[in-house]
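What follows is a short report on a single structure.
The values are calculated or read from the model by the stated rules, or taken from the named source; none is laboratory data. Because the structure is predicted, anything quoted here is derived from the model rather than measured. Quick reminder, even Gly has a Cβ in these numbers, built from the backbone with ideal geometry, and neighbours come from all protein chains shown. Surface areas here come from the heavy atoms of the whole protein model, side chains and all, with no ligands, DNA or RNA. Shrake-Rupley method; radii C 1.70, N 1.55, O 1.52, S 1.80 Å.
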Amino acid sequence: MTKSNIIIELKKQGVVAVIRGTSYEEGYQTAIACIKGNLKAIEIAYTNNNADMIIKQLSSNYQNDNTVLIGAGTVLDAPTAKNAIMAGAKYIVSPAFNQETAIICNRYGIPYIPGCMTIKEIITAMGAGCEIIKLFPGSAFSPNYINAIKGPLPHTSLMVTGGVNLNNATEWFHAGVDAIGIGGEINKLAAKGQFDMIKEIAQKYVNTKVKR
C-alpha cells in the first residue's frame, strides 16, 4: 500500500486499537481479538519489548488483507521507527513530534502520526509532512478543542488518543476528528486474559464509528 492509501484506509476505519501488553503472547492475542471484532487498525506500542516480533507476525498473517493496518506506537526516535518499518509497520505513532522520525518515515513512504497539544506543535508537524496529527493526551482537552484547532487550521486531520472511551467516542467524532485511538479497556482485559471480551468491546468501538 502507498502512503496515501494507508492514510485513506485509516480515516475510513476511524478507530485505532493501541495495544501494549507485557509479553509477546499478550500483545499478539489482544491484536487478534481486536481484528476478530472488526477493529482492524492496530497500533502495537513499543512499551512491549516484543513489539518488533508482534508487528512482524501480524504483518505476515494479514499481508494479503489491505483492511488490516498494523502500525507501531510509542515510537520515541528514528531508530525505533526504522525497526518497526522493517518489521512491517504501515504507520508510525509517537507521543510527541520528532523531526528525525518524520524524516525516516517520509523516506520509506510511511505515515507518521505524532502527538501534539498546541497549534504551534501541529503546524510544525504538518510542515514536516505529517498528514494526520494525534491530539494527545485527549484527556487534557474536551471535544470543543477540535473547533479551536480547525478554526485557523480547517484542513487539519486529527486523531485523538488518551481518555477516549465508549462513553465519549461518538462525541469526539461529532467534534470533527478523523479517528480515535483507544486502549485502556482492552489492555486491562488483556492483562486478565479476557480476549473474548476484547472482541466484544472492539465491535462496540467499530459501531461508534458508524454513528459519526
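So the values come out like this:
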| read-out | value |
| --- | --- |
| Long-range neighbours under 8 Å by Cβ, at least six apart or interchain, first residue of a type in the set (Lys, Arg) within the range 88-116, second outside any helix (DSSP H, G or I) | Lys90/Met1; Lys90/Leu69; Lys90/Ile70; Lys90/Gly71; Lys90/Ile110; Lys90/Pro111 |
| Answer residue from the range 103-135, given it is under 19 Å from Met86 (Cα atoms) and among the hydroxyl-bearing types (Ser, Thr, Tyr) and is surrounded by the most Cβ atoms within 10 Å (Cβ to Cβ) among those | Tyr112 |
| Which numbered condition Asn64 fails, given (1) farther than 23 Å from Gly193 by Cβ; (2) of a type in the set (S, T, N, Q); (3) touching a Phe, Trp or Tyr at 6+ places or on another chain (Cβ under 8 Å) | (3) |
| Ala45 being crowded, with 23+ Cβ neighbours inside 10 Å and small (Gly, Ala, Ser) | no |
| Any hit, the range 140-148, residues being open to solvent by less than 30 Å² (accessible area, probe 1.4 Å) and in contact with a Ser or Thr (Cβ under 6 Å, 6 or more places away or on another chain) | no |
| Flag for Gln99 being open to solvent by 20 Å² or more (accessible area, probe 1.4 Å) and in contact with a helix residue (DSSP H, G or I) (Cβ under 8 Å, 6 or more places away or on another chain) | no |
| Test: residue in the range 47-68 that is within 13 Å of the chain's Cα centre (by Cα) and in contact (Cβ under 8 Å) with a residue 60 or more places away in the chain | no |
| Conditions (1) polar (S, T, N, Q); (2) assigned to a helix (DSSP H, G or I); (3) farther than 13 Å from Lys3 by Cα: number failed by Asn64 | (2) |
| Residue that is modelled with the lowest pLDDT [pool: residues in the range 20-38 that are more than 21 Å from Thr170 (Cα to Cα) and of a type in the set (Val, Ile, Thr)] | Thr22 |
| Failed item in (1) assigned to a helix (DSSP H, G or I); (2) in contact (Cβ under 8 Å) with a residue 40 or more places away in the chain; (3) over 15 Å from the mean Cα position of the chain (by Cα), with Cys34 passing the rest | (3) |
| Verdict on Met159 being open to solvent by 50 Å² or more (accessible area, probe 1.4 Å) and not β-branched (Val, Ile, Thr) | no |
| All helices (runs of 4 or more DSSP H) inside the range 107-212 with 2 or more residues being within 21 Å of Ile8 (Cβ to Cβ), more than 16 Å from the chain's Cα centre (by Cα) and among the hydrophobic types (A, V, I, L, M, F, W, C) | 119-127 |
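This table checks each residue for (1) at pLDDT 95 or above; (2) open to solvent by 10 Å² or more (accessible area, probe 1.4 Å); (3) out of contact with any helix residue (DSSP H, G or I) (no Cβ under 7 Å at 6 or more places or on another chain); (4) of a type outside the set (D, E, K, R).
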site	(1), (2), (3), (4)
Ala169	yes, no, no, yes
Trp172	yes, no, yes, yes
Ile182	yes, no, no, yes
Ile186	yes, no, no, yes
Ala190	yes, no, no, yes
Gln194	yes, yes, yes, yes
Met197	yes, yes, no, yes
Ile201	yes, yes, no, yes
Val210	no, yes, yes, yes
